[in-house]
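J.: Quick one: the structure is below, and I'll ask about it shortly.
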Amino acid sequence: MDNSNKIVPPHLNAEVYRTDTTGTSTQSFLDYIRIHNDGTLLVGCSELTGRYWNGGANIFDKAKQGKNVGSGTKKCIYLTSGTADGCFIESSNKILLCEDSGAVSIWNNKDDAWKQWSEELSVAEHDGGVMAVDCLSPGKEYVTVGADGNVKVWDIIDLICMRNYIAAHNRPIYGLSTRPSSLTSFATGSLDYYITLWDENVSKPVLDLLKNDCGIRCLQWYDEEHILFGDESGVLSLIDVRNPENKIKLAEFPAAIHKINIQPACNRVSVCCDNKIVSVFNITDDLKLNLIYNNRNLHSNFVRGMAWDVDDRSLLHTVGWDGEIKTHNVT
């Protein structure tokens, strides 16, 4: 395969093949999308200008406002590095961003009329890119994981690291999910093949739930006892934390599974891989998958982020390295 024109955002630790500086055009690679309960969208990206990487985030009132986002779109927040994940902090006027520089930053929009976002706090304590964030206690405690293999629990009121799990994994951590009804428990998945259960009140891992056959790329709790996860071989599996050795293979895909997004109210899960395909499955009562939607055409580059609409349960919004936000009608 000819990789002479292949460009990959730096937080994937991949080589950037095209670094032509004859022009000054900027290429946007949208990496994630989050939707607040009021319908506000947070979209984060990495950008390549010449041979320099930076990034930023856009905040849209509704999904329709974000459909024309592209390289020329003026961002609400500019960063000196890319951002692989981010989230709202309770209200839609405050967000947390994970940066490729190793920083975690909090931004707010105090004057909603002018839509001016300002950085409130920023701390760089990860030794590599911050790959994912999830909420333990809304507005108070959040957990981040990084390419450095570390896990950190934050008091975001003052942005202080309350618990630092150094070398929690031996390789970069991509998967992170907090247990649905817990304020202290969460699971991580790493390229070192392990899925590990943690509790912020304990200074070491609670349990290594599973050693997989290959690296873990994403995971999410389905309910209090079951975890869905995708790996580098393109296999979507399920484990019961009460009996983690009994791994159930649910589906296979032609590429590594990048992200999964469960819609609990409808027992549906969306899946995107290292390709342009978006798939949606129904999860049956006996924990099997039925394919109900599959799209290969809306995006022209890898799909990276997915989020279910808060007003219409049949709509799924996705972002990708083509720099576009797309909406899928999953009926």
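The values are calculated or read from the model by the stated rules, or taken from the named source; none is laboratory data. Treat the numbers as computed from the prediction; the structure is a model and nothing was measured. Quick reminder, even Gly has a Cβ in these numbers, built from the backbone with ideal geometry, and neighbours come from all protein chains shown. Just so you know, the surface numbers come from the protein's heavy atoms only, side chains and all, with ligands and any DNA or RNA stripped out. Shrake-Rupley method; radii C 1.70, N 1.55, O 1.52, S 1.80 Å.
J.: What is the number of the single condition among (1) closer than 13 Å to LEU228 by Cβ; (2) basic (Lys, Arg); (3) in a loop (DSSP other than H, G, I, E, B) that LYS249 does not meet?
T.: LYS249 satisfies every listed condition except (3).
J.: Could you list, in sequence order, all residues of region 203-243 that are under 16 Å from ASP274 (Cα atoms) and open to solvent by 30 Å² or more (accessible area, probe 1.4 Å)? Steps first, answer last, please.
T.: Initially, region 203-243 is screened for residues under 16 Å from ASP274 (Cα atoms), giving 214-219, 229-236.
Once the filter is applied, which keeps residues that are under 16 Å from ASP274 (Cα atoms) and open to solvent by 30 Å² or more (accessible area, probe 1.4 Å), region 203-243 yields GLU232, SER233.
J.: Check whether at least one residue in region 110-118 is under 15 Å from ILE89 (Cα atoms), in contact with an Asp or Glu (Cβ under 8 Å, 6 or more places away or on another chain) and either open to solvent by 70 Å² or more (accessible area, probe 1.4 Å) or free of Cβ contacts under 8 Å to residues at least 60 places away in the same chain (or both), and report yes or no. Working first, answer last.
T.: Filtering region 110-118 for residues under 15 Å from ILE89 (Cα atoms) gives 110, 117-118.
Going one step further and asking which of them are in contact with an Asp or Glu (Cβ under 8 Å, 6 or more places away or on another chain), we end up with none.
For region 110-118, residues under 15 Å from ILE89 (Cα atoms), in contact with an Asp or Glu (Cβ under 8 Å, 6 or more places away or on another chain) and either open to solvent by 70 Å² or more (accessible area, probe 1.4 Å) or free of Cβ contacts under 8 Å to residues at least 60 places away in the same chain (or both): absent.
J.: Going through ASP148, ASP134 one at a time, which residue ends up being open to solvent by 10 Å² or more (accessible area, probe 1.4 Å) and touching a strand residue (DSSP E or B) at 6+ places or on another chain (Cβ under 8 Å)?
T.: ASP134
J.: Working carefully through the options LEU191, LEU210, LEU176, find the one that is touching a residue at least 24 places away in the same chain (Cβ under 8 Å) and either under 19 Å from GLU141 (Cβ atoms) or in contact with a Cys (Cβ under 7 Å, 6 or more places away or on another chain) (or both).
T.: Values: LEU191 fails: either under 19 Å from GLU141 (Cβ atoms) or in contact with a Cys (Cβ under 7 Å, 6 or more places away or on another chain) (or both); LEU210 fails: either under 19 Å from GLU141 (Cβ atoms) or in contact with a Cys (Cβ under 7 Å, 6 or more places away or on another chain) (or both).
Just a single option satisfies the conditions, and that option is LEU176.
J.: Moving to a separate point now. Which residue out of ILE248, ILE216, ILE262, ILE257 is touching a residue at least 12 places away in the same chain (Cβ under 8 Å) and over 21 Å from the mean Cα position of the chain (by Cα)? So that I can check it myself, show each step before the final result.
T.: Values: ILE216 fails: over 21 Å from the mean Cα position of the chain (by Cα); ILE262 fails: over 21 Å from the mean Cα position of the chain (by Cα); ILE257 fails: over 21 Å from the mean Cα position of the chain (by Cα).
That would be ILE248, the only listed residue that is touching a residue at least 12 places away in the same chain (Cβ under 8 Å) and over 21 Å from the mean Cα position of the chain (by Cα).
Okay, residues lined up against (1) part of a loop (DSSP other than H, G, I, E, B); (2) closer than 14 Å to ILE283 by Cβ; (3) touching a Lys or Arg at 6+ places or on another chain (Cβ under 8 Å):
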| position | (1), (2), (3) |
| --- | --- |
| ASP192 | yes, no, yes |
| LEU197 | no, no, no |
| LEU209 | no, no, no |
| ASP213 | yes, no, no |
| LEU219 | no, no, no |
| ILE227 | no, yes, no |
| GLY230 | no, no, yes |
| SER233 | yes, no, no |
| LEU238 | no, yes, yes |
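J.: Looking only at region 252-287, count how many residues are open to solvent by 60 Å² or more (accessible area, probe 1.4 Å), within 22 Å of GLY189 (Cα to Cα) and modelled with pLDDT of 95 or more.
T.: Total satisfying the criteria: 2.
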